[in-house]
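K.L.:
Structure provided below as C-alpha cells; questions to follow.
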Amino acid sequence: MSSKRFTPPQDHRQFRTAQVAPSSFNAADNSFEICWTTGAAVLRFDWCDGEYYDETLSVEPGAVRLDRLNDRAPFLNSHNDRDINAVIGSVVPNSIRLEGGSGYARVQLASSDDVRDVVAKIKDGHLRKVSVGYHVYVFERIERAGQRAEMRAVDWEPVEISLVAVPADPGAGIRSKGRNVPEIRNASAADDAAVVTARFVREKCRNLDLDDADTLDLIEQFTSEPHSRSEFLEAMIDRVGRRNQELSTGEGGWHPRSRQGSNNDWSRNSESAARYAASRSAPHLDNSITSMSGYSDARGGSQHPVATRMQNALYARIAGKAPNDDAREFMGASMLDLAKATLEMQGRRNLRFESSSRIWQMMSQRGGALTTSDFPIILAGALNQYLTEQYRAAPSPLLSVARAREVSDFREIKALWVDGAVQYELVAENGEYTYGRLIEGSESYRIATFGKILALTRQLLINDNLGAFSDIGGWFAREAGRKRADTLSAVLMTWPALADGVPLFHASRGNLASSGSFLSATGLDAARQAMRRQTDRDGITKLGLTPKTLVVGPKSETAAEQLLATIAAAKAGDVNAFAGKLELVVDHEINDYRWYLFADPAVAPVIEYATLRGQGDNVFIDTRVGFEVDAIETKARIDFGAGIIDYRGVYMNPGAAPS
C-alpha cells in the first residue's frame, strides 16, 4: 500500500479571528463591537486522505444561520464550553449583521467581579482578538488548477464567540455541540464528465471500504474503455446498495463513517451514502469532537488505518522490534505526540504548543466509553500485542496433556461420553439401526475470572518511558501464564476425589503404582502395561491406550532425558525401548520424585481446561483514563477453568529418591 506525504507551506498562516474595537466600548452596559468573521481561507489537513485544502466560510446572508447567535449566544473565555465560570458575557440579541464579506456583532460582558479584569484589558486595548466556534452543514468543493482544493462552507452556523489571548486556528472550532456530518457538493460540473481512471476508482472504493475484489472489478469495468465519472457513480450506488442490504443495522441505516448512523436524511439510504463517498475527493469532515472510530464501517469494530499504524509503531518500540513499513513514520513520535495526533483527529486543533498537562486534561475530558482510536485504546492495543506474544511464548507445561474446549458462560461444565457398551452392529438388508447412548459425566468444573489493574501513570506517558510499559506487559503475561499453570497443576497434584468418591489415583482404578520407585525403564514398562489394560465405562471393552507424554518434576528431569534419549546399544539387551516414543514435560510445581504417564488427550482426556468463547486462550486488556489517579488504568484478565474429567488416560508413580 502506497502512502503520500505533504509539506505545508511555511508562510501560509491565517486565522479565522477578528478584532475587538476598544473605542466602541460602552461603560454603561459593558458592551462593545466586534468583527467575528471575515470568511478568510484557513489551511486544513485531512489525516485520512493525506491532502491539504483551504477551508473558507461564505458570508453571504443565505449561507449563515444566525438564529443561535442572535439568541444571546455565549461569549466565552478561550472556547471553554465546559465551565460555567468561563461564560464572561453574551451576544446582544439581534445585533448580528453581515456587511462587506464580514460578520459583526455587539457583545455585552457580565457585571460580576470575576470579569472586571477582562473589562479593563479590553478598554485598555490589551485584549483585541475574538474567535468564532461554529458548525458546518454543507461544504462546496471547488477544484482549482495548480492549487489546493477549496472547501467552502455554504451552510454553516456560528454557535459561540470567544475572547482569546492569542489567535487560534478556528479549526479548533469547538464543533462539539452537534453530530451532523456536512454534505459536500462538488462545484465543478466538468468533473461529472471527466474520464474515470484506475486511481480515481481506487480512491472512491477506499472511501467506501470496498474490498479488493470489488475494487479490481470496478477498475476493470470502468477503465477498459472510457467512462464518465457520473456513470461510475451510478455503478457505485448500485454496488453500495447491495452491500447496504447485507450490512444494514436496522435503525440508522448504512453510514460510511459511523456505526450509529446519523440524524441526517442523507445517511439513511444507500444512494445518498454512495453519492457522498463516490463523488467526494475531499477530506473526511466531522462537526463533533468524537473519535477516529467514527470512520469504522457498519460492520463495527474496525480500527482506523492511522490508529492501526500508530499502534503498530508503539508495539515495535515496546517490543524492541523493527516496525513494518506502514508504522515506520510514527517510530520517532513520543507517546505525547501520538496522544496529540489522536486528539487532532477527533476535532482538536493547534495542539503543537500545548503543555503535557493540557494534553492529559483533554484526554481526561473525552467522557463516555473509549473507542478504537482514542490514545488509551491505541496504547492498550500495543500492550496487548506485546502481552499476547509474551504469553504464548511461555505456555503452561501441562497444556500438552490437557484437552481444550470453549464455553459460552460461567455455568458448571460436564463432559459427555459415549456409553461404553455401545458397539457397531451388523445392519442386515432392510434392517434397522439401533440407538447408542450419550452419558453426561459426573465430574464437573467451571471457569472463573482472574485479573488485575495496573495504573500507567501520567509521568510514564510524559517521560515516554516505554521500558516501563514493556515491564508491565511482561508482568501481565507472566502472571496470566502462572495463574493458568497453577490451575492446571492444582487439579492434578491434589489427587482430587471424583464423583464416585474414589481419588483420581487409586489401586482400584489401575492407575497407581503399588509403591513408589525412581524413574526407570522397569517402572515405565509397568505403567505402560497398566494403561494398556484400562477398560471403557462398561468395565469390559479394552481401550488399549498408548502412552504419549511423560511428566516429571525438576528432580527427575535429567534422569528422564537420559531414559528417553536414543543411544546406540552395544548389545541387544541394552536397547532403550522408550527412546523416541514419549514426549517429556517438566512441571516445576512437582517438587518431589513422582512422575506421570499420560495418553493422548484427544483419545483419553484426563484434564480438561476451558476458556470463554470469543476470547480464546488470550489475555483481555481494557483501559480507561483514571479519575482518582492521574493514569491510564489498564485491566488485564483471563477467563479460565480446569478440572479432572476421567482417570483412564493417566498413570502415576509416587516416586522415590535414587539409591
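K.L.:
For Glu150, what is the net charge nearby, where nearby means another residue's Cβ is under 10 Å from its Cβ and Lys, Arg count +1, Asp, Glu -1?
P.N.:
Working: positive: Arg141, Arg144, Arg148, Arg152; negative: Asp54, Glu55, Glu140, Glu143.
Residues near Glu150 contribute 0 overall.
K.L.:
In a shell of Cβ-Cβ distance under 13 Å around Tyr386, excluding Tyr386 itself, what net charge do Lys and Arg (+1) and Asp and Glu (-1) give? Mind dumping the intermediate values first?
P.N.:
Values: positive: Arg317, Lys321, Arg392, Arg478; negative: Glu389, Asp471.
Net charge in that neighbourhood comes out at +2.
K.L.:
Right, here's the next one. If amide hydrogens are placed 1.01 Å from N in the peptide plane, which non-local residues have theirs closer than 5 Å to the one on Arg446?
P.N.:
Under 5 Å from the amide H of Arg446: Ile413, Ala642.
K.L.:
Still on this structure, please answer the following. Excluding Ala105 itself, what net charge comes from residues whose Cβ is under 9 Å from its Cβ, given Lys and Arg +1 and Asp and Glu -1? Can you show the working numbers first?
P.N.:
On the way: positive: Arg97, Arg106; negative: Glu33.
Residues close to Ala105 contribute a combined charge of +1.
K.L.:
What's the exposure ranking of Ile453, Ile413, going from fewest to most Cβ atoms within 10 Å?
P.N.:
On the way: Ile453 14, Ile413 21.
Fewest-to-most ranking of Ile453, Ile413: Ile453, Ile413.
K.L.:
When you count, for each residue, the other Cβ atoms within 10 Å and take the mean per peptide, how do 522-530, 305-313, 321-329 rank with the highest first? Spell out each step's value before the answer.
P.N.:
Details: 522-530: 16.8, 305-313: 22.2, 321-329: 13.8.
Output ranking for 522-530, 305-313, 321-329: 305-313, 522-530, 321-329.
K.L.:
Listing Phe75, Phe598 from the residue with the fewest other Cβ atoms within 10 Å to the one with the most, what is the order?
P.N.:
On the way: Phe75 24, Phe598 28.
With the sparsest Cβ surroundings first, the list reads Phe75, Phe598.
Read-outs throughout are calculated quantities, based only on the coordinates presented, and are distinct from any laboratory measurement. Given the structure is predicted, the values throughout are model-derived calculations rather than measurements. Cβ coordinates were reconstructed from backbone atoms using ideal geometry, including for glycine residues, and neighbour counts include every protein chain displayed.
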